[in-house]
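The structure appears below as structure tokens.
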Amino acid sequence: MFSHRRLTYLALVPLIALFAVFAVAACGDDEEETLKIGVVLPETGALAAYGGPMIVSVELAEADIKEGGGAIEVIYADSGTDPDKANESVNRLLGEGAHVIVGAAASGISQAIIQTLYDEKIPQCSPSNTSPNFTGQGNAGYYFRTAPSDAAAAPVIADTVVSRGGTRVSIVARADDYGQALAALLADRLDELGAESDTITYDPQAATFDAEVAGVSDYGPDAIVLIVFDEGVNLIRGLLEAGFDPSTMYGSDGIYRPDLNTSVNESDPDVLNGMTLFVASAPGSDAYDSFNIRLENALEQEGNLAFGAQSYDCTVILALAAKEAGSTDGDDIIAAVAKVTGGGRECTSYADCAEGIDDGEDIAYVGKVGRLKLDTGGDPTVATYTVSRFEGGELVEQSTQVFDFSE
């Protein structure tokens with residue numbers, strides 16, 4: 001027989017269970033939905049030398065976001081530098097539930113996947129696309145980048161070439177979105193400065209570059225600008241064999257590699273002494289320098305760190321935008337990107353920015369590359385370029401130029 005106290009207890013059990021269900025449900029409503037970040041960067045192909053540092057930079061961002069309380073999952077796929085491979089990888093990432101994409105590295109590869117991401121309303125952040133064609137492009141509504149457009153790079157390259165005496169310039173460029181767009185901007189700027197130019201475009205899959213080298217020789221330039229990826233190593237070898245001095249050669253960011261000299265000739269590190277390279281970088285700061293040291297340690301080697309900081313910033317911005325939106329919906333996230341990078345209290349880490357969002361503050365994420373000030377089209381309005389030259393078998397920084405297009 002049950003006592004009165006026992007009956008009362010039993011009567012309360014269903015009520016307690018019901019309250020527990022409501023409590024769990026309420027807690028569930030407050031929990032942050034996990035943002036699934038798909039990463040499509042080159043593990044293979046002509047930009048593989050960049051892919052390693054970029055991917056490790058995303059991993060560093062992932063660790064910092066999770067340490068700062070962010071709910072994210074990161075999944076990876078190889079873009080290579082082949083449109084078909086990149087599309088296959090993107091489709092796999094979307095099939096695995098990616099809400100946002102970091103990548104691609106090459107402008108041409110992003111052009112190959114951007115329509116799919118636009119159709120699926122998937123926000124995309126590229127850390128290294130520089131083609132100006134994305135600006136105002138009809139299907140770029142979910143696209144933004146942390147690297148500046150080549151609209152800023154062309155003047156830096158042209159001004160440097162002309163200031164060093166270049167008057168007749170051969171431009172050798174990949175026949176893709178990146179190469180053709182930058183070549184056109186560069187030719188226009190050289191013309192403004194009173195220098196002649198001739199542009200030769202080539203198939204990146206070509207077996208040899210004999211025709212391109214012959215074309216440069218026939219033109220007889222006093223300066224050569226190479227808008228190339230890793231296939232440019234063979235092109236450089238051909239130009240050297242044709243008698244061109246490395247001091248007449250200038251390389252775009254597609255081949256900005258501290259080990260480029262030993263790639264051209266492993267036994268002669270001085271082979272490219274005098275050659276100049278350009279790359280999008282960041283204003284000198286403790287944050288940028290510290291990050292590069294951290295990245296080098298994570299890579300366990302010194303070398304090419306180009307676009308590492310930009311990759312980190314892409315990842316953090318997407319995570320902050322999702323937190324600001326309180327959603328993993330593509331429309332909500334892309335709308336929040338401008339909010340977390342625009343006006344408001346400046347914050348320099350995911351944890352600090354996330355705390356500000358929780359407190360209802362307007363924030364402005366200042367990344368490892370500094371303040372981006374993204375415009376309405378998703379382009380950084382602050383651009384920094386580093387000019388470096390091979391001297392004594394080492395790539396030595398010569399100067400840094402900063403542009404603020406918002407002023």
Taking Cα pairs under 8 Å and at least six residues apart, what relative contact order does the stretch 245-375 come out at, in percent? 21 percent
With θ taken as phi - 60° and the coefficients 6.51, -1.76 and 1.60, list the Karplus ³J(HN,Hα) couplings across the stretch 356-369 in order, rounded to whole Hz; mark glycine and proline as x. x, 4, 4, 7, x, 7, 7, 10, 9, 5, 9, x, 5, 8
Find the relative contact order for the chain and round it to a whole percent, using C-alpha pairs within less than 8 Å whose residues are 6+ positions apart. 17 percent
Say a paramagnetic label sat at a point 7 Å from the Cα of T34, along Cα to Cβ; which residues of the stretch 62-83 have their backbone N under 18 Å from it? 62-77
With +1 on the Cβ of every Lys and Arg and -1 on the Cβ of every Asp and Glu, the dipole magnitude of the chain about its Cα centre, in debye rounded to the nearest 20, is 940 debye
One would report the Cα pair-distance distribution of the stretch 276-407, bin width 10 Å, in %, as 12, 38, 31, 14, 4, 0
Tell me, which longest segment in the chain has none of the trypsin sites (Lys or Arg not before Pro) that fall in DSSP loops with at most 15 further Cβ atoms within 10 Å? 165-407
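Taking the Cβ-Cβ separation of T348 and D218 as r and a Förster radius of 41 Å, what is the calculated FRET efficiency to the nearest 0.05?
About 0.20, to the nearest 0.05.
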Interchain or sequence-distant (5+) residues whose placed amide H lies within less than 5 Å of the amide H of T199 are I171
Provide the convex hull volume over Cα atoms per residue for the stretch 207-276, in Å³. 81 Å³
Determine, from the Cβ-Cβ distance of E241 and N91 and an R0 of 41 Å, the FRET efficiency 1/(1 + (r/R0)^6), rounded to the nearest 0.05. 0.45
Here the Cα Rg-to-2.2 N^0.38 Å ratio for the chain is 1.16
Any idea how far apart D188 and A207 come out in nm if each label point goes 7 Å out from Cα toward Cβ? 3.8 nm
C-alpha long axis of helix 4-30 to longest principal axis of the chain, angle in °: 20 degrees
Counting only DSSP beta bridges with both residues in the chain, tell me the antiparallel percent, nearest 5. 30 percent
For E346, which sequence-distant residues (separation of 5 or more, or a different chain) have an amide H within less than 5 Å of its own amide H, given hydrogens modelled in the peptide plane? A364
Taking placed amide H atoms and a strict 5 Å upper bound, the residues 5 or more places from Q124 or on another chain that come that close are I101, Y143, F144
With everything on Cα atoms, drop me the angle between helix 330-341 and the longest principal axis of the chain, reported from 0 to 90° to the nearest 10. 70 degrees
So what does the Cα-only Debye profile of the stretch 141-296 read at q = 0.10, 0.13, 0.16 Å⁻¹, as log10 I(q)/I(0), no solvent term? -0.37, -0.62, -0.92
Can you compute log10 of I(q)/I(0) for the stretch 313-357 with the Debye formula, treating each Cα as one identical point scatterer, at q = 0.28 Å⁻¹? -1.03
Modelling each spin label as a point 7 Å along the Cα-to-Cβ direction, I'd like the E397/R294 distance in nm, to one decimal. 1.8 nm
Environment charge of S290, counting only residues whose C-beta is closer than 12 Å and scoring Lys/Arg +1, Asp/Glu -1: -1
Just need the relative contact order of the stretch 228-271 here, percent rounded to a whole number, with Cα pairs under 8 Å and 6+ apart. 43 percent
Extension gain from Q301 to T262, taking 0.36 nm per residue of separation minus the Cα-Cα distance: 12.5 nm
For the stretch 185-237 and the stretch 314-341, write down the distance between their C-alpha centroids in whole Å. 41 Å
Rank-order 123-134, 260-271, 148-159 by packing density, defined as the average count of other C-beta atoms within 10 Å over each peptide's residues, highest first. 123-134, 148-159, 260-271
Straight-line reach only, C-alpha to C-alpha below 29 angstrom: list the lysines that K85 could link to, leaving out same-chain residues fewer than 8 apart. K36, K121
Extreme residue, positive dipole direction of the chain, given options A207, G393, C347 (C-beta unit charges): C347
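Taken together, the values in this text are just the output of simple stated rules run on the coordinates, not laboratory data. This is a predicted model, so every value here is computed, not measured. Positions of Cβ are backbone-derived with ideal geometry, glycine not excepted, and every protein chain shown enters the neighbour counts.
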